[in-house]
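Student: First, the structure itself, so that you have it in front of you.
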Amino acid sequence: MFRLVPTYRSRHISRSLPSLQARCTLFSASASASENFLQHTSDGGSAQGIDFDGLFKSCNRVHGAKLLHALVVVSGKAQSVFFSGKLVNVYAYLGDVSFARRTFDHIPNKDVYTWNSMVSAYVRTGHFREAVDCFYRFFLTSGLQPDFYTFAPVLKACKNPLDGMRIHCVVLKFGFEWDVFVTASLVHMYTRFGAFSYARKLFDDMPVRDMGCWNAMISGYCQNGNAAEALDVLNEMRLEGVIMDPVTIVSILPICAQSDDILNGMLIHVYAIKRGLEFDLFVSNALINMYAKFVKLANAQKVFDNMVVRDVVSWNSIIAAYEQNDYPDRALALFYMQLTGISPDHLTLVSLSSIVAQLGGSRSAKSVHGFVMRRGWIQKDVISGNSVVDMYGKLGDINSARAVFDAQPVKDVVSWNTLITGYAQNGLASEAIEAFDLMQEYKEVAPNQATWVGILPAYSSVGALRQGMRVHGLSIKTSLYFDIFVGTCLIDMYGKCGELDDAMTFFYEVPKMNSVPWNAIISCLGIHGHAEKAIKLFRVMREEGVKPDHITFVSLLSACSHSGLVEEGQWCFNVMKEEYGIEPILKHYGCMVDMFGRAGLLEMAYNFIKNMPIKPDASVWGALLGACRIHGNVDLGAIASERLFEVDSENVGYYVLLSNIYANIQKWEGVDKVRTQARDMGLRKTPGWSSIEANNKVDIFYTGNQSHPKCEEIYKELRSLNAKMKSLGYVPDYSFVLQDVEDDEKEHILMSHSERLAIAFGVLNTPPKTPIRIFKNLRVCGDCHNATKYISKITEREIVVRDSNRFHHFIDGVCSCGDYW
DNA sequence: ATAGGGTTAG
């Protein structure tokens, strides 16, 4: 027997707005009726003549349900399956699983209806495992026959294919396979596990299909990333003369966005208008989301404005549309508008976290955090917790981010990715690596592409080539396709870890439709000192019609400045302004000044600064000061430092530069003056660190680090190296030490610089004659640069140092950068 | 009395 029940329409209508309003008005009646009645019975009255039917129907809040429950108990009807079963169902409808469960447990002679209601209570509240177990208990212990209503909820609840197939067996055992509702649920269940051929077979074998079956098949394909098949079924459906209903439209619209098919999306919009579905709540919501994905914000806004009824999804969608397309202010304004009508849900707060992260403001962050916490969303919803972690991470408050992360009872792969990325983007590479290592101990979270994109930059910033390569291997194993973002991170990782050839190989493999991969390779070429090649690639990029952005030009200009290509640099600067209309920012000006300065064109650099349309900051004056040091120009150095200290008087690095300028021409009173000046300021010191990867482990050294386990050996090695260096003519340059101490103390301070600790560690812990690779987060200190030349000669090692600027290759006492450190 | 397929996400 095939059962085809035309209940779809009627149910749809029953959930429409007027009926909800009816429920709302009835609620107060129900609550007060129950209250009056309880009053009545406690005064000694009887339970006769109560309209239970009406009360059950009108009960739409948990408060009302509890009064009703009390009413059932005092009327002596608690033993009746009929009444208790109804109570279970009311609690299920209201989503109060614990009361449903308590009521259910007290019913001695449960019927199918009661079991069905209990299962759906679990499903509604997201207790999927419990729902499936409850179904098994029903099937194995109750001895009752399942009915038409039994299977759909439990099929929705099952989260693994094994349960799905077991339930399928039960369906077959009781002969329900020809029920359209049950089969539609089976179809959808199989698509959820990617068992498309199973699903398709069931679907094809159906002798009669209603709208729900078509939609189950189509949405099954849509939600599981099978767009082409979804469209095939859609066509088949049209050929059979079945027309799309709102559910079909709502399933197919996200597919249009996914497959970048705006034409199809707009055709469906037109179709919806023609069929009078334009104002359907779900259809409108889906349209807003689709237009947002295509960055057609005006269209999205128009759909939103035209809506007659808006629910929380509508508001969330329009807010997210603005938030995700860089209009946080507009999104925030809409959020305040929403507050006056509909109360926000957890997804509203996800958008709000991102808005706060974009707009900044630690106080707003705390309020968002508090709001989410008070509602218990961090405890019961991973996404809410993740978005708060992300917000703190983006605002740079990584400690708060970590605290929220630690408080999350359930962590999924996104939680870990958010934490790792938060560390990496706040410059805390070793913390990011630690978090990634910890993540791998939890076997149930499998890293994905976002994980690789989070961790690879951390490895490239500390130069952990071996571990980066391991992640490269893992990413190949776990990814089904070659991802452009991972590809770009691999370019960056190999390039910054010194393997330029591998970086180039990856560059040729990734799709290059936007500037991101180009920027990565251009910047790698630049730090390797290959400015000509960088410019050549830039020309190719232009020929291929890829639009460069301001990062492209920062990379190009810094490449030119490191290689002394002044004319090419000026050409780039002009192309940027004139051809691409990109207004230069301070970084570009800094690169230009650095470029002129290094090339010895100090006057030109100074004039360039004087002609800047925006106020130069410390980095620009710092570039000039650095150039004055290289070329020993004391007068301009004095001007530059004066201007520099007007905008930033706390950065110790600049005092070091100035003192070095004076020391180079033996103006010791100048050195003393700078030293005093520096001491009188409250100096801010960016902690310098250097890292080295040896034996598959990254060791990080901070300047003067005494806590490393191999500390004693390292200092012993450094003392012995120091003696050998001196015999070859090394003279420590004390002008790099600003502390006012005795000379031998200064020598010790120089020796304790992080880069030297790392090099000594490398000498001790890698096989003789193998190259030593060091990474330093700041510029290499001038004395260390000099010392490294001697060390490379003494130890007969190639030493590669990458600092915040570029690579320095030390071979046999010579550095590839000349002495432009 | 109860049931399937639908929109938003870090």
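The values are calculated or read from the model by the stated rules, or taken from the named source; none is laboratory data. Please read these numbers as outputs of a predicted model, since none were measured by experiment. Using ideal geometry, Cβ is built from the backbone for each residue, glycine included, and neighbour counts are taken over all protein chains shown.
Student: Let me spell it out: the conditions are (1) over 45 Å from the mean Cα position of the chain (by Cα); (2) loosely packed, with under 12 Cβ neighbours inside 10 Å; (3) free of Cβ contacts under 8 Å to residues at least 40 places away in the same chain, and A:P709 meets all of them except one. Which number is the exception?
Tutor: So A:P709 meets the others, but not (1).
Student: Pick from the stretch A:395-450 the residues that are of a type in the set (S, T, Y) and within 15 Å of A:I383 (Cα to Cα): which of them is surrounded by the most Cβ atoms within 10 Å (Cβ to Cβ)? Lay out the reasoning, then the answer.
Tutor: Narrowing the stretch A:395-450 to residues of a type in the set (S, T, Y): A:400, A:415, A:418, A:421, A:423, A:430, A:442.
This time we only want the ones that are within 15 Å of A:I383 (Cα to Cα), so: A:415, A:418.
Numbers: A:S415: 21, A:T418: 27.
It comes out as A:T418.
Student: May I pose another question? Could you identify the single residue in A:I433, A:I491, A:I455 that is within 22 Å of A:L778 (Cβ to Cβ), part of a helix (DSSP H, G or I) and modelled with pLDDT of 90 or more? I'd like the intermediate steps shown before the answer.
Tutor: Numbers: A:I491 fails: within 22 Å of A:L778 (Cβ to Cβ); A:I455 fails: within 22 Å of A:L778 (Cβ to Cβ).
Being within 22 Å of A:L778 (Cβ to Cβ), part of a helix (DSSP H, G or I) and modelled with pLDDT of 90 or more holds for just one of A:I433, A:I491, A:I455, which is A:I433.
Student: Same structure, new question: From the list A:G529, A:G545, exactly one residue is within 24 Å of A:V800 (Cα to Cα) and in a loop (DSSP other than H, G, I, E, B). Which is it? Steps first, please.
Tutor: On the way: A:G545 fails: within 24 Å of A:V800 (Cα to Cα).
After applying the criteria, what remains is A:G529.
Student: Looking only at the stretch A:674-720, filter to residues that are of a type in the set (A, V, I, L, M) and not in a loop (DSSP other than H, G, I, E, B); which one of those is farthest from A:Y459 (Cα to Cα)? Talk me through it step by step, then tell me what you get.
Tutor: Within the stretch A:674-720, the first condition is being of a type in the set (A, V, I, L, M), and the residues that meet it are A:674, A:678, A:681, A:683, A:692, A:694, A:698, A:700, A:714, A:718.
Of the ones still in play, those that are also not in a loop (DSSP other than H, G, I, E, B) are A:674, A:678, A:692, A:694, A:698, A:700, A:714, A:718.
Numbers: A:V674: 38, A:A678: 35, A:I692: 11, A:A694: 13, A:V698: 9, A:I700: 12, A:I714: 24, A:L718: 27 Å.
Step by step, filter the stretch A:674-720, then rank; the result is A:V674.
Student: In addition: In the stretch A:244-272, what residues are among the hydrophobic types (A, V, I, L, M, F, W, C) and either away from DNA strand B (no atom under 15 Å from the Cβ) or within 26 Å of the chain's Cα centre (by Cα) (or both)?
Tutor: Of the residues in the stretch A:244-272, the ones among the hydrophobic types (A, V, I, L, M, F, W, C) are A:244, A:247, A:249-250, A:252-253, A:255-257, A:262-263, A:266-268, A:270, A:272.
A:L253, A:I255, A:C256, A:A257, A:I262, A:L263, A:M266, A:L267, A:V270 - these are the residues of the stretch A:244-272 that are among the hydrophobic types (A, V, I, L, M, F, W, C) and either away from DNA strand B (no atom under 15 Å from the Cβ) or within 26 Å of the chain's Cα centre (by Cα) (or both).
Student: List every residue pair whose Cβ atoms sit under 8 Å apart, with the two residues 6 or more apart in sequence or on different chains, where the first one lies in the stretch A:492-516 and is of a type in the set (V, I, T) and the second, anywhere, is surrounded by fewer than 17 Cβ atoms within 10 Å (Cβ to Cβ) and part of a loop (DSSP other than H, G, I, E, B).
Tutor: Sorted first by the residue in the stretch A:492-516, then by its partner, the pairs are A:V510/A:F482.
Student: Kindly indicate which of A:V208, A:V154, A:V187 is in contact (Cβ under 8 Å) with a residue 24 or more places away in the chain, exposed (fewer than 15 other Cβ atoms within 10 Å of the Cβ), within 13 Å of DNA strand B (Cβ to nearest atom) and not acidic (D, E).
Tutor: Working: A:V154 fails: exposed (fewer than 15 other Cβ atoms within 10 Å of the Cβ); A:V187 fails: exposed (fewer than 15 other Cβ atoms within 10 Å of the Cβ).
From the options A:V208, A:V154, A:V187, the qualifying one is A:V208.
Student: Every residue in the stretch A:386-420 that is of a type in the set (G, A, S), farther than 20 Å from A:A458 by Cα and away from DNA strand B (no atom under 11 Å from the Cβ), please.
Tutor: Across the stretch A:386-420, the qualifying residues are A:S400, A:A403, A:A407.
Student: Pick out the one residue from A:L155, A:L172, A:L140, A:L162 that is aliphatic (A, V, I, L, M) and touching a helix residue (DSSP H, G or I) at 6+ places or on another chain (Cβ under 8 Å). Steps first, please.
Tutor: Working: A:L172 fails: touching a helix residue (DSSP H, G or I) at 6+ places or on another chain (Cβ under 8 Å); A:L140 fails: touching a helix residue (DSSP H, G or I) at 6+ places or on another chain (Cβ under 8 Å); A:L162 fails: touching a helix residue (DSSP H, G or I) at 6+ places or on another chain (Cβ under 8 Å).
The conditions single out A:L155.
Student: Being among the β-branched types (V, I, T) and under 11 Å from the mean Cα position of the chain (by Cα) is the filter here; which residues of the stretch A:408-430 pass it?
Tutor: Of the residues in the stretch A:408-430, the ones among the β-branched types (V, I, T) are A:410, A:413-414, A:418, A:420-421.
Those that are among the β-branched types (V, I, T) and under 11 Å from the mean Cα position of the chain (by Cα): A:V413, A:V414, A:T418, A:I420, A:T421.
Student: Moving on to the next point. Looking at (1) assigned to a helix (DSSP H, G or I); (2) over 20 Å from A:Q570 (Cβ atoms), find the lone condition where A:K615 falls short.
Tutor: Condition not satisfied by A:K615: (1).
Student: Do you know which residues across the stretch A:66-125 are of a type in the set (K, R), away from DNA strand B (no atom under 15 Å from the Cβ) and in contact (Cβ under 8 Å) with a residue 24 or more places away in the chain?
Tutor: So in the stretch A:66-125, the residues of a type in the set (K, R) come out as A:66, A:77, A:86, A:101-102, A:110, A:124.
From what is left, the residues that are away from DNA strand B (no atom under 15 Å from the Cβ) are A:66, A:101-102.
The one that is of a type in the set (K, R), away from DNA strand B (no atom under 15 Å from the Cβ) and in contact (Cβ under 8 Å) with a residue 24 or more places away in the chain: A:K66.
Student: Going through the stretch A:104-123 one residue at a time, which ones are more than 18 Å from A:V182 (Cα to Cα) and within 35 Å of the chain's Cα centre (by Cα)?
Tutor: Of everything in the stretch A:104-123, those that are more than 18 Å from A:V182 (Cα to Cα) and within 35 Å of the chain's Cα centre (by Cα) turn out to be A:A121, A:Y122.
Student: Looking at the stretch A:190-205 only, could you name the residues that are among the basic types (K, R) and more than 12 Å from DNA strand B (Cβ to nearest atom)? Give the steps one after another, and end with the answer.
Tutor: We begin by selecting, within the stretch A:190-205, every residue among the basic types (K, R); these are A:192, A:200-201.
Of everything in the stretch A:190-205, those that are among the basic types (K, R) and more than 12 Å from DNA strand B (Cβ to nearest atom) turn out to be A:R200, A:K201.
Student: To continue, here is another question. I'm checking my understanding of the structure. Among residues of the stretch A:775-821 that are charged (D, E, K, R) and touching a Gly at 6+ places or on another chain (Cβ under 9 Å), which one is modelled with the lowest pLDDT? Talk me through it step by step, then tell me what you get.
Tutor: So the first thing to find is which residues in the stretch A:775-821 are charged (D, E, K, R), and the list is A:776, A:779, A:783, A:789, A:793, A:796-798, A:802-803, A:806, A:812, A:819.
Those still in the list that are touching a Gly at 6+ places or on another chain (Cβ under 9 Å) too: A:776, A:779, A:789, A:793, A:797, A:802, A:806, A:819.
On the way: A:K776: 91, A:R779: 85, A:K789: 93, A:K793: 93, A:R797: 94, A:R802: 90, A:R806: 84, A:D819: 67.
For the stretch A:775-821, the residue satisfying everything is A:D819.
Student: Moving on to the next point. Six or more apart or on different chains, Cβ atoms under 7 Å: show the pairs whose first residue is in the stretch A:562-586 and within 17 Å of A:S523 (Cβ to Cβ) and whose second is surrounded by fewer than 20 Cβ atoms within 10 Å (Cβ to Cβ) and of a type in the set (A, V, I, L, M).
Tutor: Partner pairs satisfying both residue conditions: A:M576/A:I582.
Student: Tally the residues that are part of a helix (DSSP H, G or I), at pLDDT 90 or above and exposed (fewer than 14 other Cβ atoms within 10 Å of the Cβ), restricting the search to the stretch A:360-378.
Tutor: 3
Student: Give the stretch A:782-801 a look and list any residue that's within 12 Å of A:I759 (Cα to Cα) and charged (D, E, K, R), or say none.
Tutor: Listed by number, the residues that qualify are A:K789, A:R797, A:E798.
Student: Filter the stretch A:721-740 down to the residues that are surrounded by 14 or more Cβ atoms within 10 Å (Cβ to Cβ) and not in a helix (DSSP H, G or I), then identify the one that is farthest from the chain's Cα centre (by Cα).
Tutor: So the first thing to find is which residues in the stretch A:721-740 are surrounded by 14 or more Cβ atoms within 10 Å (Cβ to Cβ), and the list is A:721-722, A:724-725, A:730, A:732-738.
Filter once more, keeping what is not in a helix (DSSP H, G or I): A:730, A:732-733, A:737-738.
Values: A:Y730: 49, A:P732: 47, A:D733: 46, A:V737: 42, A:L738: 42 Å.
Among them, the one singled out is A:Y730.
Student: Let me ask something else. Just checking, how many residues over the stretch A:225-243 are of a type in the set (S, T, N, Q) and either near DNA strand B (Cβ under 9 Å from one of its atoms) or surrounded by 17 or more Cβ atoms within 10 Å (Cβ to Cβ) (or both)? So that I can check it myself, show each step before the final result.
Tutor: So in the stretch A:225-243, the residues of a type in the set (S, T, N, Q) come out as A:226, A:235.
Narrowing further to those that are either near DNA strand B (Cβ under 9 Å from one of its atoms) or surrounded by 17 or more Cβ atoms within 10 Å (Cβ to Cβ) (or both): A:226.
Qualifying residue count, the stretch A:225-243: 1.
Student: I'd like to check which helices (runs of 4 or more DSSP H) are fully inside the stretch A:275-329 and have at least 1 residues that are more than 12 Å from DNA strand B (Cβ to nearest atom) and under 16 Å from A:I262 (Cα atoms).
Tutor: Result: A:297-306.
Student: All but one of (1) modelled with pLDDT of 85 or more; (2) over 21 Å from A:F553 (Cβ atoms); (3) assigned to a helix (DSSP H, G or I) hold for A:I630; state the number of the condition that does not hold.
Tutor: With (1) modelled with pLDDT of 85 or more; (2) over 21 Å from A:F553 (Cβ atoms); (3) assigned to a helix (DSSP H, G or I) applied to A:I630, the lone miss is (1).
Student: Could I ask something else about it? Tell me, please, whether a residue that is under 26 Å from A:T766 (Cα atoms) and among the hydroxyl-bearing types (S, T, Y) can be found in the stretch A:675-696. Show your work before the answer.
Tutor: Going through the stretch A:675-696, the residues under 26 Å from A:T766 (Cα atoms) turn out to be A:688-696.
Among the residues that remain, those that are also among the hydroxyl-bearing types (S, T, Y) are: A:690-691.
Looking for residues that are under 26 Å from A:T766 (Cα atoms) and among the hydroxyl-bearing types (S, T, Y), one finds at least one in the stretch A:675-696, hence yes.
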